[in-house]
Every structure is written in C-alpha cells, then in structure tokens.
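In what follows, a single structure is set out as structure tokens and then discussed.
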Amino acid sequence: MELFDVLVLVVSFLILLGIGVPIAWSIGTSTLLTMLISIDVIPAFTTMAQRIGTSLDSFTLLAIPFFVLAGQIMNSGGIASRLIRFAKNLMGSLPGGLAHVNVVAAMLFGAVAGSAVAAATAVGSVLGPKMEEEGYSREFGAAVNITSSTTGLLIPPSNILIIYSLASGGVSIAALFLAGYVPGILTGLLLMVVAAVWAKRKKFPTSERTSAKELFRSFFDAIPSLFMLIIVIGGIVAGIFTATEASAIAVLYTLILGFYYKELSVKALPDLFLESVKTTSIVMLLIGTSIGMSWIMSYQEIPQTVSETLLGMSSNPIIILFMINFILLFVGTFMDMTPAVLIFTPIFLPIVVEMGMDPTHFGIIMILNLCIGLCTPPVGSILFVGVGVAKTSIVKVVRPLIPLFLAMIAALGLVTYFPELSLWLPRMFGF
C-alpha cells in the first residue's frame, strides 16, 4: 500500500465534501485523481469508465428504479393516507398516541415503499400538523418522524439491502429481506418506548379511543396496501420470482391500486416517472463512482491493511464488532448510505467472515448502523428532510432527537450481539 496515494484519496475526498461538492462527484473525482497518480493516464480513465459501466450492468440493480417508482406511486395514489389512518386508529389512544402512530405509520409505509425519504415526507406532512394541533411540540414530532422513517430501510422490500447484496458478492436478497423484519420492528418498538416516556414527562395528550367498527374499517381499507408485502416478499421467498421481477410487479400493483382508489390520474404519471428517474439517476451515479473507489482501495490493498490492523488490535469478536460499529457510526455522519455500503462492505465483510459471522447478519448490522447516520448531521439526509417537512431547525430538534437516537443505538447493540434476532427468520425459511 502506497501511503501517499491513500492520503490523496482520503484528503481530496474530504476537501471536496467540505466545500460542498455533491458526494457522488466527490467520490468520483477523488478516485480518478488517485488513479492518475497510481497508474498511467489512459489506463486510469479507462479503468474508471469500466468500473462505472460494469457496476451498473446488473439485472439485480433493475429492482431499484422499479421500487423507487412504486414508492412514488404509493405516495400519490392514496396508499400512504390509508396506512396512516389505520396506524392512527390502532395506536392513537396510547400515551403519546400520535407519536406511536408516526412510528407505526413509518414502519408500514417504509416497508411497502422501501424508502426512508418517502416515509419521512408522506408521514411527516400528514401527521406533523395533526400532532401540533393536539398539543405536541413541533420539534418532538419532527424527531419521531426522522428516526422512525429509517425503519423502512430494514423492513423489506429495501433498495439498500439489494445494494448490500451486490457489494457483498451475492448474499441472498431473500435472506436479507427476511433478516430485516425483526431488527426493523425492534427498532420501531424501542422508539415507541422512548416516545411514550417523553410524552408522559411532557404531558402530551392522547387521542380518544377508536371504536372497533372504525378500527376494522381502516384495517379493511389498508389491506390492499399491506397485501403488496405478501405478494412481493412471499413471491421472492417462495422462489416464484426474483427481487427484480418482484419490483416490476410492485409497480403494476401500486398502479392498479392508485387507479382503483381514484387518487391517481394518467396526467400525473409523467411527473411521477420523471421524479423516479431523478432519484434513480442519483443512486446509480453513487453506485458507479463508489464501485470505482472500491476498486482503487482494493488496488492499494486498503481492505487487507484494515483487516490486519483490526485483527492485530484484538482477537475478541466483541471488541472487533464494537470497533467496526464505531467506525461505521462515524462514517454515517458524513457519507450517504449507498456509497458507505459499497465502499466499506469489501473492507469489513472479510474480517467478520473470518470471525465466523454470517454475511446476512453483518448486512443487517451495517444497514441499521448507517440508518443512524441518516439522522445525524452534517450529511443526515433524513434529518434535513424531516426538519424541512416540519418547518423547524436542526438546533431545535436535537434535544428531543437525542433519546430517540440512543434507542436506535440500543437496537444496534442488541442486533450486533444477538445474531438470532436477524437470522432465525431466514433459517426458518431455509436460507
């Protein structure tokens, strides 16, 4: 490993990020610069182009634009509002009722849409004003929305789990999808516990108890939306279709549902398609440049060096996992989830596999860890979305956010050191 080349890679990336260059361009530019000083000019440009091109030439990655489009259709087709109404009728009468509604709605919508941004936007825009009307502070509502919206990245279908499968060299997507259920629900439950304690201390109000008739009606309305999970996940687990084929079916199903609810029109489709293309383009550019950075890191033998260093510091798996989690928590504060997964999976996965850890389990640890990063500055994308939807400031949200943040850390600790939380469901289905 050439120390000067590594310094160029790291320092140039941090400088570009610090001056506000978008993260995909920061990764691509610092990678190309390092290649130019490591190998000849023409091979450097050729290698960079090849890495970007070959990384995107993947049937598996086709699932991402389809799931993104399905999420967009759900947000506009009345599906989100029905899930939120069901969550409100189910949880609204508990202490801190609307906070629980926010968490459950984010888990339901995030699970179906597979997008934390979509969940934060849809749930926050509907429940935020309602919470404020009923006496909840705007900042508390924003903090709950920010943290709970990340649970949908663990509860399948999830684009980031597909990306981890790609980065890990082919860990089963079906196994990852099944492994995400318990950690995602556990995180949501811990957030609800903290929200209940905070609401009780602040004496926030509770909603009136919903009648059984109204609860049943809202559940009946939400069944078609929830049924998509059965179709998508059930089809993948049963081997009826692949994750990519499932994503296309999800788009078709949400289109039919949107038109059935009469909340989606043909005129709205071009805008939905365009928004999906924009989102997908950003993700694909991040994937291409991140794969390029992974290549130059492998060329410089950085993963091997990190592995030798960590294993040289301790042979205790508990200590090593603690150090990996600490590094990922730090990385998550300034790097978006997609490049972080693509860059750090090849570095840390060989280490944990050597310790005997299941790659599926490590994938869930990594995703949950980086979900926490989405809620923290300076590059916490969900933090900015949640604050923007609530029309407040990061400074005001920090205080109620801290206990919820600690609940996510607690979930991370449980998932890290109790592998069965992630693995028992995949094993039950034979993965």
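The values are calculated or read from the model by the stated rules, or taken from the named source; none is laboratory data. Because the structure is a prediction, the values reported are computed rather than measured. Here the Cβ is made from the backbone with ideal geometry for all residues, glycine too, and neighbour counts use every protein chain on show.
Of note:
- Qualifying residue in region 371-391 (condition: more than 14 Å from the chain's Cα centre (by Cα), on the phi < 0 side of the Ramachandran plot, modelled with pLDDT of 90 or more and not in a loop (DSSP other than H, G, I, E, B)): no
- Only a single criterion out of (1) under 26 Å from T31 (Cβ atoms); (2) out of contact with any Phe, Trp or Tyr (no Cβ under 6 Å at 6 or more places or on another chain) is not satisfied by V352, namely (2).
- Lone qualifier among L16, L9 - being modelled with pLDDT under 85, buried (at least 17 other Cβ atoms within 10 Å of the Cβ) and within 26 Å of L166 (Cβ to Cβ): L9
- Among the residues of region 325-338, just one is outside any helix (DSSP H, G or I) and either among the hydroxyl-bearing types (S, T, Y) or surrounded by fewer than 17 Cβ atoms within 10 Å (Cβ to Cβ) (or both), namely T333.
- Top-ranked residue in region 148-159 [being closer than 22 Å to L349 by Cα and touching a residue at least 60 places away in the same chain (Cβ under 8 Å); ranked as surrounded by the most Cβ atoms within 10 Å (Cβ to Cβ)]: L154
- Among (1) without any contact (Cβ under 8 Å) to a residue 60 or more places away in the chain; (2) in contact with a Gly (Cβ under 8 Å, 6 or more places away or on another chain); (3) within 27 Å of M74 (Cα to Cα), the one test that T333 misses: (3)
Residues are listed down the side, and each one gets a yes or a no for (1) in contact (Cβ under 8 Å) with a residue 40 or more places away in the chain; (2) under 20 Å from I146 (Cβ atoms); (3) charged (D, E, K, R); (4) surrounded by fewer than 21 Cβ atoms within 10 Å (Cβ to Cβ):
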position	(1), (2), (3), (4)
I367	yes, yes, no, no
G388	no, yes, no, yes
L404	yes, yes, no, no
F418	no, no, no, yes
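- Condition met for T280 (closer than 30 Å to L229 by Cα, in contact (Cβ under 8 Å) with a residue 40 or more places away in the chain, in a helix (DSSP H, G or I) and out of contact with any strand residue (DSSP E or B) (no Cβ under 9 Å at 6 or more places or on another chain)): yes
- Counting only residues that are within 24 Å of L9 (Cα to Cα) and at pLDDT below 85, region 312-338 holds 9 of them.
- Residues (outside any helix (DSSP H, G or I) and aromatic (F, W, Y)) located in region 406-421: F418
- Criterion: part of a helix (DSSP H, G or I), modelled with pLDDT of 80 or more and surrounded by fewer than 23 Cβ atoms within 10 Å (Cβ to Cβ) - qualifying residue of V341, V397, V353: V353
- Residue within region 46-65 that is within 21 Å of the chain's Cα centre (by Cα) and surrounded by 23 or more Cβ atoms within 10 Å (Cβ to Cβ) present: yes
- Each residue in region 160-199 was checked for being within 11 Å of the chain's Cα centre (by Cα) and either surrounded by fewer than 23 Cβ atoms within 10 Å (Cβ to Cβ) or of a type in the set (D, E) (or both), and 0 of them qualify.
- Extreme residue, modelled with the highest pLDDT, among residues of region 89-116 that are touching a His at 6+ places or on another chain (Cβ under 9 Å) and closer than 20 Å to L226 by Cα: L90
- Qualifying residue in region 120-132 (condition: surrounded by fewer than 24 Cβ atoms within 10 Å (Cβ to Cβ), under 14 Å from the mean Cα position of the chain (by Cα), closer than 22 Å to F67 by Cα and of a type in the set (A, V, I, L, M, F, W, C)): no
- Among (1) under 20 Å from Y136 (Cα atoms); (2) in contact with a helix residue (DSSP H, G or I) (Cβ under 8 Å, 6 or more places away or on another chain), the one test that I409 misses: (1)
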